[in-house]
């Protein structure tokens, strides 16, 4: 029988590193730590090795399609499948960033939404029965949803929105920021927030698509790790990376046949509202 395997994207530091640490302690199988920079990834593996934990490293840059394909081929050849996938890789501009808003929108959505979706589309065919997928979103997705026009809110919370429609809306937001019309068009003034609306809604759609295909107990959820003390929050967060890892790992370890959370948005290990 093939060894079980858990994969965590963007995991050489921050919440991703905490997720790998927790999975090494709780998941019965191999844990793959990934990073864009192999040196940083190997250093993270060595750091966990000092704690008696033994993740394996594989290079992954989710914005590079060839890099995702290389990871897929490695997983297929080595494990013949995936049991846990935690999509944690993402970026956030600092509040003090002087980059134009249109640039922040394009880069944030390219990484946080489109690259995460690409990783899912490449890796999902490897998901085994009873696989668990934890897409790391943010409570900022809820805040951003609240600031959308009623028309956009209605689409983002609808149960019939498709992935193509969602991607089209994400592209409309990018274009609107370039035109300087995003506010008039009903979008909020937060590139990160819209990118994480994308991740949350993507996760809900993915569960519906899996169920429609008759997948065997594959469970996908979006989650907020909380406000964590990391580079991404300029170390203003109150939670440790291990505390931030709790909800993503809770979802990664959901038992067979679980009815809830399933295709939902989760905060502090509990289902959170995703509604107008």
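Between 228, 219, 249, the distinction of being over 15 Å from residue 88 (Cβ atoms), buried (at least 20 other Cβ atoms within 10 Å of the Cβ) and in contact with a helix residue (DSSP H, G or I) (Cβ under 8 Å, 6 or more places away or on another chain) belongs to 219 only.
How many of the residues making up the range 83-107 are in a helix (DSSP H, G or I) and closer than 30 Å to residue 220 by Cα?
Selection size over the range 83-107: 4.
Taken over the range 168-194, the criterion of being touching a helix residue (DSSP H, G or I) at 6+ places or on another chain (Cβ under 7 Å) and in a helix (DSSP H, G or I) is satisfied by 169, 170, 173, 174, 177, 178, 191, 192, 193, 194.
Residue check: residue 255 meets all listed conditions (1) surrounded by fewer than 18 Cβ atoms within 10 Å (Cβ to Cβ); (2) within 22 Å of residue 13 (Cα to Cα); (3) modelled with pLDDT of 95 or more; (4) out of contact with any strand residue (DSSP E or B) (no Cβ under 8 Å at 6 or more places or on another chain) but one, namely (2). Each residue in the range 147-182 was checked for being surrounded by fewer than 16 Cβ atoms within 10 Å (Cβ to Cβ) and more than 17 Å from residue 275 (Cβ to Cβ), and 11 pass. Considering 199, 219, 194, the condition of being more than 17 Å from residue 108 (Cβ to Cβ) and within 16 Å of the chain's Cα centre (by Cα) is satisfied by 219 alone. Checking each residue in the range 223-266 for being outside any loop (DSSP other than H, G, I, E, B), touching a residue at least 60 places away in the same chain (Cβ under 8 Å) and within 18 Å of residue 82 (Cα to Cα) picks out 248, 249, 251, 252. Residues of the range 59-80 that are outside any helix (DSSP H, G or I), touching a residue at least 40 places away in the same chain (Cβ under 8 Å) and either under 14 Å from residue 38 (Cα atoms) or in contact with a helix residue (DSSP H, G or I) (Cβ under 6 Å, 6 or more places away or on another chain) (or both): 60, 62, 63. Pairs, please: C-beta under 7 Å, at least 6 apart or cross-chain, first residue without any contact (Cβ under 8 Å) to a residue 40 or more places away in the chain and in the range 1-23, second assigned to a loop (DSSP other than H, G, I, E, B)? Sorted first by the residue in the range 1-23, then by its partner, the pairs are 20/11; 20/55.
So that you can scan it fast, the table gives a plain yes or no per residue for (1) surrounded by fewer than 14 Cβ atoms within 10 Å (Cβ to Cβ); (2) on the phi > 0 side of the Ramachandran plot; (3) under 15 Å from the mean Cα position of the chain (by Cα); (4) assigned to a strand (DSSP E or B):
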site: 2; (1), (2), (3), (4): yes, no, no, no
site: 17; (1), (2), (3), (4): no, no, yes, no
site: 21; (1), (2), (3), (4): no, no, no, no
site: 28; (1), (2), (3), (4): yes, no, no, no
site: 32; (1), (2), (3), (4): no, no, no, yes
site: 39; (1), (2), (3), (4): yes, no, no, no
site: 45; (1), (2), (3), (4): no, no, no, no
site: 54; (1), (2), (3), (4): yes, no, no, no
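Just one residue in the set 66, 70, 131, 99 is surrounded by 20 or more Cβ atoms within 10 Å (Cβ to Cβ) and either within 20 Å of the chain's Cα centre (by Cα) or at pLDDT 95 or above (or both); that residue is 131. Consider the range 195-222 and keep the residues that are touching a residue at least 24 places away in the same chain (Cβ under 8 Å) and part of a loop (DSSP other than H, G, I, E, B). The one that is nearest to residue 14 (Cα to Cα) is 218. Kindly indicate whether residue 272 is under 15 Å from the mean Cα position of the chain (by Cα) and either free of Cβ contacts under 8 Å to residues at least 24 places away in the same chain or on the phi < 0 side of the Ramachandran plot (or both). Here the answer is no, as residue 272 does not meet what is asked.
The values are calculated or read from the model by the stated rules, or taken from the named source; none is laboratory data. This one's a predicted model, so the numbers in the text were calculated from it and none came from an experiment. Cβ: placed from backbone, ideal geometry, glycine included. Neighbour counts: every protein chain shown.
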